[in-house]
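Enquirer: Below is a structure I'd like to ask you about.
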Amino acid sequence: MAQSFSANSHDTAALTARIEKRWAFLMVSIIALLVAIMIFTGLHWAMMPPSRVETIDPSTLHVSGEFVESNLGSAVEPNGSVTVRIVGQQYSFTPQCIVVPSKTPITFRVTSADVIHGMLITGTNINSMVEPGYISTFKTEFERAGDHLMPCHEYCGVGHEAMWANVKVVDKDVFSKMAANTRRLTCDL
Amino acid sequence: MISNRRLVLAHFWLAFAVFGLAILLGEWQMFIRSPLHGWLHNPDLYYRSVTAHGTVMGYVFPTLVAMGFGYAICELSLDQPLIGRRWAWVGYAMIIVGSVAAVVPVALGLDSVLYTFYPPMIGNAFYYIGVVLVVVGSWVWVVLMGVNLNAWKRAHPGAPVPLPMFANVAAAYLWGWTAVGAALELLFQILPVALGFSNTINAGLSRVLFSWTLHAIVYFWLMPAYIAFYTIVPRAIGGRLYSDTMARVSFALFLVFSMPIGIHHLFADPQVGSGFKFIHSVFTAMVTIPTLLTVFTICASVEIAARLRGGKGVFGWLKALPWDNPQMLALAFSFVMLGFGGAGGLINMSYQLDSTVHNTQWITGHFHLIFGGAVVIMYFAIAYDLWPHLTGRAMQDLSLIRTQLWLWFVGMIVTTFPWHYVGILGMPRRMAYFDYSAPGLSGEGITVIMSTVGGALLVVSALLFLLILYRNHSASRAETTPFTFSRAIHEPTSLPLALNGLGLWVGLMIALTITNYGYPIAQLIGLHDAQVPAVFIGGKR
């Protein structure tokens with residue numbers, strides 16, 4: 001095309017515009033495909049980020065309501081699913097060791113008693129912010145038994161780097177034996 | 001010609017000086033948390049360092065580069081002396097005062113809140129006031145860019161606005177508007193608490209307001225690099241810009257689409273509903289379009305240069321490129337890093353995939369690769385290209401420049417690739433140390449060492465960069481040819497109104513911000529339950 005600079009400038013202008021349009025069309029199509037994949041996965045597997053704007057007063061967490069200490073940990077629901085309630089505070093999670101069954105629908109409900117924290121469970125897609133004033137709720141299911149780390153992933157003050165918890169996934173039947181004796185389950189490290 | 005050389009040089013030198021200091025902090029952070037060093041006894045030192053590194057690299061350094069480059073573009077492309085030079089110096093002084101006010105309490109350990117603030121943690125008020133001053137100082141530049149363009153347009157009715165100035169003013173308006181989010185957070189939420197007028201804060205609302213700034217600020221960092229892609233590189237390597245119109249379309253699209261997408265930083269947050277998260281995800285997908293258009297236009301422009309130099313064949317022309325030209329080298333490195341970083345960005349913006357990497361070292365790797373890599377290497381290129389015109393002296397260290405660029409490229413890859421990898425394994429960000437003896441972490445120590453080595457290469461490269469610029473001031477005087485920007489194959493003779501001004505695009509930017517942010521912000525303002533007590537750090541005042 002360089003040689004044709006001085007040629008008919010209308011022709012080259014039309015040519016450059018045509019090539020550009022082709023490229024633009026191709027790029028828009030690729031991006032549209034990516035968005036379509038997002039929509040499909042979102043609807044088909046109901047894979048969506050945790051999102052319900054639910055508030056809670058962090059200054060009375062320990063006094064009453066869902067997040068009092070005796071209610072934290074894993075609870076078996078009447079329908080067989082498990083709800084795990086966790087509180088994050090500078091610089092630990094309560095409970096520090098979380099035990100959950102494999103192959104069981106699990107709902108996490110997490111909030112913070114002071115500043116912004118975060119949590120992820122290594123080797124999984126579980127990843128959420130933990131914010132004072134709000135409850136993070138998300139559902140998941142663990143495929144198999146195993147141990148995972150659960151670091152706080154948001155800067156929460158000078159002790160942030162030491163804020164790690166553990167997650168033990170145990171076989172479904174092992175878990176139900178454990179659950180027979182206690183109302184709320186936690187584990188030892 | 002640049003008649004305001006001192007102003008431009010003052011901005012660039014301050015930018016590069018603080019950059020040189022902040023990069024040392026970055027490398028220190030990598031070193032002390034690697035297995036090469038024992039656990040830090042006072043982790044707060046690490047967080048002070050992160051706060052200073054982020055504040056300088058995120059706010060001060062790129063803002064000063066954009067401002068200095070903007071003042072240069074203003075005179076060089078409009079061919080008229082800068083209007084409001086005295087105001088420009090006032091803005092510059094505000095940035096100095098603001099930076100000092102911010103960094104001193106950080107160094108004293110009163111403000112280890114990171115550059116993202118993280119309320120309800122509240123530090124000493126001077127840090128926030130300093131940041132506000134830096135932003136207000138940069139707004140002086142925003143106004144001046146608009147004033148200068150309008151003066152030129154009045155003097156040249158109907159004439160096409162030069163592309164560099166069009167893009168420069170787009171960057172200015174983008175920054176002016178995107179900084180509003182953080183400004184609202186600082187003025188209405190954080191400062192009242194830091195100054196003792198209030199003691200509660202809605203942390204969820206703060207995060208939404210900050211996200212308003214947090215994404216588009218990245219595009220503000222990126223604008224000087226894109227301006228260099230379009231208006232410097234093709235000329236420097238002896239080519240022509242493939243399409244002036246496409247360049248304008250890309251800058252206009254950046255203005256519109258980089259703003260209403262910030263909630264993609266909040267996919268894992270509980271305070272925003274899934275509908276708005278999804279909308280922001282889709283708009284983030286759209287903002288890739290101007291970058292993909294840019295890649296095409298610039299590659300085509302480069303190909304023109306190669307063919308003018310006798311390059312032949314489908315790929316054979318690549319050999320004919322002037323690879324010894326620093327601008328060519330910088331562009332190639334920038335595009336490679338932009339490619340990897342952009343691919344990572346597509347993963348981050350995908351509604352679902354984000355949960356695998358959110359707040360892990362992957363993210364640290366991502367933005368260092370895009371900003372520190374693809375963008376900052378073009379800041380170097382801009383400085384190399386402008387410097388002879390600012391000092392009136394020839395740039396003699398061409399082989400040193402090439403070494404510097406190579407080191408930066410290799411250093412950035414070696415630093416960021418291990419971060420991406422351990423991010424997928426779930427290694428969290430912002431940790432003063434890691435327990436490498438813990439099961440599940442023991443294998444990851446080696447990646448931190450690799451990043452430390454990469455960081456060392458970056459430090460060497462940065463020092464070389466400063467040395468090259470410094471030496472130029474005492475090089476032999478040379479009659480420099482007048483500075484020119486790239487010429488397009490088809491220079492515009494007249495332009496549609498929409499592409500000859502920014503009114504329409506600024507209107508769209510504001511409208512989309514309101515549609516995409518209005519409801520989440522209004523909803524959160526109404527949530528009085530979510531007002532939580534502030535947590536003071538660095539000692540109670």
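Each value in this text was obtained by applying a stated rule to the coordinates, not by laboratory testing. Computed from a prediction, not measured in an experiment: that's the story for all the values here. Cβ: placed from backbone, ideal geometry, glycine included. Neighbour counts: every protein chain shown.
Enquirer: How are the C-alpha pair distances of region A:98-179 spread across 5 Å bins, as whole percents from the shortest bin up?
Expert: Going from the shortest bin to the longest, the percentages are 3, 14, 23, 23, 17, 11, 6, 1, 0.
Enquirer: Let me ask something additional. Before rounding to the nearest 500, sum -39500 (n - 2.57) across all DSSP H runs of length at least 4 in chain B and divide by the residue total; then give [θ] at 222 nm in deg cm²/dmol.
Expert: Helix contribution divided over all residues of chain B: -22000 deg cm²/dmol.
Enquirer: Related question: Considering the dipole of the protein assembly as shown built from charges on the beta carbon (Lys and Arg +1, Asp and Glu -1) around the Cα centre, which of A:123, B:456, B:157 is farthest to its positive end?
Expert: Highest projection toward the positive end goes to B:157.
Enquirer: Next up: Give me the net charge for the shell around residue B:247: Cβ to Cβ below 13 angstrom, other residues only, Lys and Arg +1, Asp and Glu -1.
Expert: Numbers: positive: B:240, B:248, B:487; negative: A:20, B:244, B:491.
Result for the local shell: 0.
Enquirer: Just to confirm a number: summing +1 for Lys and Arg and -1 for Asp and Glu over residues other than residue A:141 whose beta-carbon lies under 12 angstrom from that of residue A:141, what do you get?
Expert: On the way: positive: A:103, A:139, A:144, A:172; negative: A:143.
Summing Lys/Arg as +1 and Asp/Glu as -1 gives +3.
Enquirer: Within a 10 angstrom radius of the beta carbon, how do B:403, A:182, B:364 rank from fewest other beta carbons to most?
Expert: A:182, B:403, B:364
Enquirer: Could you give the length gained by full extension between residue A:41 and residue A:12, i.e. 0.36 nm per residue of separation minus their alpha carbon distance, to one decimal place?
Expert: 6.1 nm
Enquirer: Here is a further query. For A:156, B:299, A:97, B:74, what ranking results if the residue with the fewest other Cβ atoms within 10 Å of its Cβ goes first?
Expert: The order, fewest Cβ neighbours first, is B:299, A:97, A:156, B:74.
Enquirer: Quick check on the exposure proxy: order B:248, B:240, B:477 from fewest to most C-beta atoms within 10 angstrom.
Expert: Listed from fewest to most nearby Cβ atoms, that is B:477, B:240, B:248.
Enquirer: Here is a further query. Quick check: net charge around residue A:105, other residues with Cβ under 14 Å of its Cβ, Lys/Arg +1 and Asp/Glu -1?
Expert: For residues surrounding residue A:105, the net value is +1.
Enquirer: Hey, got the dipole for chain A? About the Cα centre, +1 on K and R Cβ, -1 on D and E Cβ, debye to the nearest 20?
Expert: I would put it at about 560 debye.
Enquirer: Taking only complete DSSP H runs, can you tell me which helices of chain B stretch 24 Å or more along their own long axis by Cα positions and average at least 0.5 on the Kyte-Doolittle scale?
Expert: Helix filter hits for chain B: B:5-32, B:61-78, B:85-107, B:125-155, B:163-184, B:203-231, B:274-308, B:326-349, B:398-425, B:445-472, B:503-525.
Enquirer: How many lysine pairs in the protein assembly as shown, separated by 8 or more positions in sequence or lying on different chains, have Cα atoms less than 25 Å apart?
Expert: 10
Enquirer: Of all DSSP beta bridges located in chain A, what percent are antiparallel, nearest 5? Walk me through the intermediate numbers first.
Expert: On the way: 24 of 37 bridges.
Roughly 65 percent of the DSSP beta bridges within chain A come out antiparallel.
Enquirer: Can I ask one more? At a 4.7 angstrom Cβ threshold, list every cysteine in the protein assembly as shown that has nobody to pair with, or say none.
Expert: If one checks each Cβ against the other cysteines of the protein assembly as shown, A:152, A:156, B:74, B:299 turn up with nothing under 4.7 Å.
Enquirer: Sticking with this structure for a sec: Quick check: convex hull over the Cα atoms of the protein assembly as shown, volume per residue in Å³, rounded to an integer? Write down the numbers at each step before the final one.
Expert: Numbers: hull volume 115.5 nm³, N = 730.
For the protein assembly as shown, the hull spanned by Cα atoms encloses 158 Å³ per residue.
Enquirer: Give the residue from B:259, A:150, B:237 lying farthest towards the positive end of the charge dipole for the protein assembly as shown; charges sit on Cβ (+1 for Lys and Arg, -1 for Asp and Glu) and the dipole is referred to the Cα centre.
Expert: So the residue we want is B:237.
Enquirer: Once you have all Cα-Cα distances for chain B, histogram them in 10 Å bins from zero and send the whole-percent values.
Expert: Percent of pairs per bin, in order: 4, 18, 29, 29, 15, 5, 1, 0.
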